[in-house]
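The values are calculated or read from the model by the stated rules, or taken from the named source; none is laboratory data. Computed from a prediction, not measured in an experiment: that's the story for all the values here. Cβ coordinates were reconstructed from backbone atoms using ideal geometry, including for glycine residues, and neighbour counts include every protein chain displayed. Ligands, DNA and RNA are excluded from the accessible area calculation, which covers all protein heavy atoms including side chains. Shrake-Rupley method; radii C 1.70, N 1.55, O 1.52, S 1.80 Å.
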Amino acid sequence: TVKSFCGHGVGSVFHTNPNILHYRNSEPAGKMAPGHTFTIEPMICEGESSYLMWPDDWTATTKDGGRSAQFEHTLLITPDGAEALTGKIETSPVQFWERESQVHNGVWLGTSAAANERGAALNSSLLG
């Protein structure tokens, strides 16, 4: 993973504390509480993790040119779990890994009871 990229808290300022690191580290873990909102944004690399920023100040590639992937989800902590605020909807395309995964079949919308209920209905609709 590219260690310079991290998730972050979301509040009245979009990019705020805490920084969410995507690798093993010795930073204090902290504790999320209901109402806290944050992003996870890992950039996973096939080869080395040093990167280059393109002149558009948005696009990043690894220096070795290996394949990499970056995604972002925004999560809300609820009293009984977490909900993906950036989860799929009925018109979202189904990816092959959502159909074929041996770990989790279908889309994941969170761990709260409400997210699990929405996820079950959406998976029924999307996966048949």
| field | Charge tally in the Cβ shell below 15 Å around Gly81, where Lys, Arg are +1 and Asp, Glu are -1, Gly81 excluded | value | -1
| On the accessible surface of the chain, probed at 1.4 Å, how many percent belong to carbon and sulfur atoms? | 55
| task | Please state the charge dipole magnitude for the range 19-109, taken about the Cα centre, from unit charges on C-beta atoms (+1 on K and R, -1 on D and E), reported in debye and rounded to the nearest 20. | result | 180
| message | For the chain, take the longest principal axis of its alpha carbons; what is the angle in degrees between that and the long axis of helix 113-127, to the nearest 10 within 0 to 90? | response | 90
| said: I'd like the FRET efficiency for Lys31 and Phe71, computed as 1/(1 + (r/R0)^6) with the beta carbon distance as r and R0 of 30 Å, rounded to 0.05. | reply: 0.75
| note | the chain accessible area per residue, 1.4 Å probe, protein heavy atoms, integer Å², reads 68
| query | Which shape class applies to the chain: rounded if a/c is under 1.5, otherwise prolate when a/b exceeds b/c and oblate if not, where a ≥ b ≥ c are the square roots of the Cα gyration tensor eigenvalues? | reply | oblate
| task | Would you please state which residues of the range 15-49 a label at Leu85 would reach in this model, taking the label point 7 Å out along Cα→Cβ and a backbone N cut-off of under 12 Å? | result | 15-16, 35-40
| message | Please give the Cα centre distance for the range 74-128 versus the range 12-41, rounded to the nearest Å. | response | 22
| request: Kindly sort Trp58, Trp108, Trp97 by accessible area of their heavy atoms, largest first, with the probe set to 1.4 Å. | output: Trp58, Trp97, Trp108
| request: Show Met53, Met32, Met43 ordered by accessible area, largest first, where the area counts protein heavy atoms only and the probe is 1.4 Å. | output: Met53, Met32, Met43
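Heavy atoms only, 1.4 Å probe, whole protein assembly: order Ser125, Ser101 by accessible area, highest first.
Numbers: Ser125 75, Ser101 40 Å².
Largest accessible area first, the residues go Ser125, Ser101.
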